[in-house]
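Remarks on the structure that follows.
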Amino acid sequence: MSTILLDSDQIAELCKTSEGFALDQSAEESLVKLLDIQEQINKFVEEVKTKIVENASKLEPDFTSISGDKIKLEYRASGAEFEIEDENLVEEMFMTKTVRMGVNTKEVRHFMELTGALPNGIKQRERKKTLIIKRKGEQ
């Protein structure tokens with residue numbers, strides 16, 4: 001593992017400078033530096049998590065959690081346990097079928113443009129807005 005030196009005063013200044021991104025083009029460099037620091041810290045955290053799993057698995061091959069005074073770690077699988085490989089071969093009792101309904105947003109917007117109202121049975125939801133920061137060239 002490599003070393004990272006964190007200067008809290010420098011980070012605080014980078015935060016303050018970065019806040020002006022929408023108003024000051026020079027704030028971009030401060031934001032890039034903050035993202036670099038975040039990336040390094042996230043990398044270290046992932047390395048630590050990998051080592052914790054390795055060490056805990058040596059002590060208890062089937063471990064699922066570890067608790068300390070301030071932190072609880074949970075180790076579990078995520079996502080579906082099984083998947084259908086070929087639905088033509090699977091017996092009906094081993095499958096569930098789901099009907100899904102959604103809103104045709106394009107048609108609802110068109111209806112609203114024509115009438116100024118929502119169609120019966122449709123309501124507009126309050127949507128949370130989130131700022132996403134992406135480095136150029138990343139997805």
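Data for the structure
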{"quantity": "Selected residue [part of a helix (DSSP H, G or I) and in contact (Cβ under 8 Å) with a residue 40 or more places away in the chain] from Leu35, Leu14", "calculated": "Leu35"}
{"quantity": "Val53 vs. criteria over 21 Å from the mean Cα position of the chain (by Cα), surrounded by 12 or more Cβ atoms within 10 Å (Cβ to Cβ) and within 30 Å of Ile133 (Cβ to Cβ)", "calculated": "yes"}
{"quantity": "Residue match in segment 115-129 (condition: surrounded by 10 or more Cβ atoms within 10 Å (Cβ to Cβ), in contact with an Asp or Glu (Cβ under 7 Å, 6 or more places away or on another chain) and not aliphatic (A, V, I, L, M))", "calculated": "no"}
{"quantity": "Lone unmet requirement of (1) farther than 20 Å from Ile132 by Cβ; (2) not in a helix (DSSP H, G or I) for Phe21", "calculated": "(1)"}
{"quantity": "Residue selected from segment 98-139 under the condition of a type in the set (A, V, I, L, M) and closer than 30 Å to Gln38 by Cβ, by the criterion modelled with the lowest pLDDT", "calculated": "Ile133"}
{"quantity": "Segment 78-114, residues that are under 30 Å from Gln124 (Cβ atoms) and either in contact with a Pro (Cβ under 7 Å, 6 or more places away or on another chain) or part of a helix (DSSP H, G or I) (or both)", "calculated": "Thr105, Lys106, Glu107, Val108, Arg109, His110, Phe111, Met112, Glu113, Leu114"}
{"quantity": "Tally of residues being aliphatic (A, V, I, L, M), under 21 Å from Ser8 (Cβ atoms) and surrounded by fewer than 11 Cβ atoms within 10 Å (Cβ to Cβ) across segment 18-47", "calculated": "1"}
{"quantity": "Condition check for Ile52: assigned to a helix (DSSP H, G or I) and touching a residue at least 12 places away in the same chain (Cβ under 8 Å)", "calculated": "yes"}
{"quantity": "Leu73 vs. criteria farther than 30 Å from Arg125 by Cα, out of contact with any helix residue (DSSP H, G or I) (no Cβ under 6 Å at 6 or more places or on another chain), surrounded by 10 or more Cβ atoms within 10 Å (Cβ to Cβ) and free of Cβ contacts under 8 Å to residues at least 24 places away in the same chain", "calculated": "yes"}
{"quantity": "Some residue of segment 125-139 being assigned to a loop (DSSP other than H, G, I, E, B), in contact (Cβ under 8 Å) with a residue 60 or more places away in the chain and either out of contact with any Leu (no Cβ under 9 Å at 6 or more places or on another chain) or under 30 Å from Ser18 (Cβ atoms) (or both)", "calculated": "yes"}
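The values are calculated or read from the model by the stated rules, or taken from the named source; none is laboratory data. Predicted model only: the values in this text are computed from it and were never measured. With ideal geometry, Cβ positions are generated from the backbone for all residues, glycine too; neighbour counts draw on all protein chains shown.
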